1. Once phi is turned into θ = phi - 60°, what whole-Hz ³J(HN,Hα) does the Karplus curve with 6.51, -1.76 and 1.60 give for every residue of the stretch 94-106, x standing for Gly and Pro?
2. Where the accessible area of the chain is counted over protein heavy atoms with a 1.4 Å probe, how much of it, in %, is carbon and sulfur?
3. Amide H neighbours of Arg41 under 5 Å, at least 5 residues apart or on other chains, H built in the peptide plane: list them.
4. Computed from these coordinates, which is Rg/Rh (Cα atoms, Kirkwood Rh): (i) 1.93; (ii) 1.97; (iii) 1.20?
5. Once Lys and Arg get +1 and Asp and Glu get -1 on their Cβ, which of Ile75, Asn32, Val1 lies farthest toward the positive end of the dipole of the chain?
6. Given a Förster distance of 41 Å, report the FRET efficiency between Phe34 and Ile93 from their Cβ-Cβ distance, rounded to the nearest 0.05.
7. With loop defined by DSSP as not H, G, I, E or B, and exposure as at most 13 other Cβ atoms within 10 Å, which is the longest segment of the chain clear of exposed GluC sites (Glu not before Pro)?
8. Roughly speaking, what is the stretch gain from Ile52 to Thr5, that is 0.36 nm per residue apart minus the C-alpha to C-alpha distance, in nm to one decimal?
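The values are calculated or read from the model by the stated rules, or taken from the named source; none is laboratory data. In this text the structure is predicted, and so the values were computed from the model without any measurement. Neighbour counts are summed over all protein chains in view; Cβ atoms, including those assigned to glycine, are modelled from backbone coordinates with ideal geometry. Side chains are part of the model used for accessible areas, which takes the heavy atoms of the whole protein and leaves out ligands, DNA and RNA. Shrake-Rupley method; radii C 1.70, N 1.55, O 1.52, S 1.80 Å.
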Amino acid sequence: VQTKTQIEVESSMHMGPEMNTANLITACSINNKFPVPVAPRFRIWQGHKMVITKEGIEVHFLDAQGQEVRKLRCIDDFKINGFNAHTVLADKIVLSNFELPARITAEIFEL
């Protein structure tokens, strides 16, 4: 996970100015303590890396030894630090009456 995180940082595709640990502590802490727990990272292996050949065919990406390369996905665990619980949005659909879905379905089936 550390190596993958470093590759993400070095890719320069992150948002905002670069921060090292000291900058992060200075900018985001109160008396050198974070007011909320920092989100830890974990990893999951997610399929294999794929490439497109000159012929337009998708094939597995192979390493120098000819082995298929698996994709490592790093995930910031915002559940464990409580962030997810505070950012939930309840989606609710309120229909004008109970007949509306039935009428819409009937119209679709008549097409």
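1. Once θ is set to phi - 60°, the couplings for the stretch 94-106 become 10, 8, 5, 7, 6, 7, 4, x, 5, 5, 4, 4, 4 Hz.
2. Numbers: 5990 of 10190 Å².
C and S fraction of accessible area: 59 percent.
3. Under 5 Å from the amide H of Arg41: Asp77.
4. Computing Rg/Rh (Cα atoms, Kirkwood Rh) and matching it to (i) 1.93; (ii) 1.97; (iii) 1.20 gives (iii).
5. Of Ile75, Asn32, Val1, it is Asn32.
6. Working: r = 39 Å, r/R0 = 0.94.
Computed FRET efficiency for Phe34 and Ile93: 0.60.
7. Numbers: sites that count: Glu18, Glu55.
Here the longest segment lacking exposed loop sites spans 56-111.
8. Numbers: separation 47, 0.36 × 47 = 16.92 nm, distance 2.56 nm.
Value of the extension gain: 14.4 nm.
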